[in-house]
């Protein structure tokens with residue numbers, strides 16, 4: 001079993017409490033106020049930061065878009081595993097360019113972002129690649145029979 005360690009950082013819970021309060025504010029104003037009949041979850045009976053935090057800890061689930069397990073960051077950042085050019089620190093020739101490299105979750109689906117990062121990673125790798133003269137002289141064109 002993998003423990004994703006949800007809400008390990010207090011900042012995660014704090015952001016979600018802020019999100020609940022923000023959404024409550026939207027629902028309290030028109031055009032929503034006249035059509036919203038009730039807050040289903042967490043429910044208006046929960047008001048304090050502690051109550052909302054407890055609700056968040058009890059109900060938070062994954063939407064199956066995990067990110068940040070090999071986060072990219074500044075070379076001096078002890079929490080980042082990857083350099084800004086996507087190389088694994090301390091390992092020569094290994095790069096990571098999937099969703100695990102994102103320092104934190106983005107506000108959209110991760111697929112398009114991963115595709116863009118992968119495209120950029122190819123550019124980075126091609127710009128640092130070297131080709132031996134012997135390899136560049138090879139022809140891979142199909143020969144007629």
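The values are calculated or read from the model by the stated rules, or taken from the named source; none is laboratory data. All values reported here derive from a predicted model rather than from experimental measurement. No Cβ is skipped: glycine too gets one built from the backbone with ideal geometry, and neighbour counts run over all protein chains shown.
Annotations
- Between 93, 68, the distinction of being within 16 Å of the chain's Cα centre (by Cα) and modelled with pLDDT under 90 belongs to 68 only.
- Qualifying positions in the stretch 28-60 - assigned to a helix (DSSP H, G or I) and surrounded by 12 or more Cβ atoms within 10 Å (Cβ to Cβ): 49, 51, 52, 53, 54, 55, 56, 57
- Here residue 103 does not fit the description of being surrounded by 10 or more Cβ atoms within 10 Å (Cβ to Cβ), in contact with a strand residue (DSSP E or B) (Cβ under 7 Å, 6 or more places away or on another chain) and either more than 24 Å from residue 3 (Cβ to Cβ) or modelled with pLDDT of 95 or more (or both).
- For residue 22: the one exception among (1) loosely packed, with under 14 Cβ neighbours inside 10 Å; (2) in a helix (DSSP H, G or I); (3) in contact with a helix residue (DSSP H, G or I) (Cβ under 8 Å, 6 or more places away or on another chain); (4) without any contact (Cβ under 8 Å) to a residue 40 or more places away in the chain: (3)
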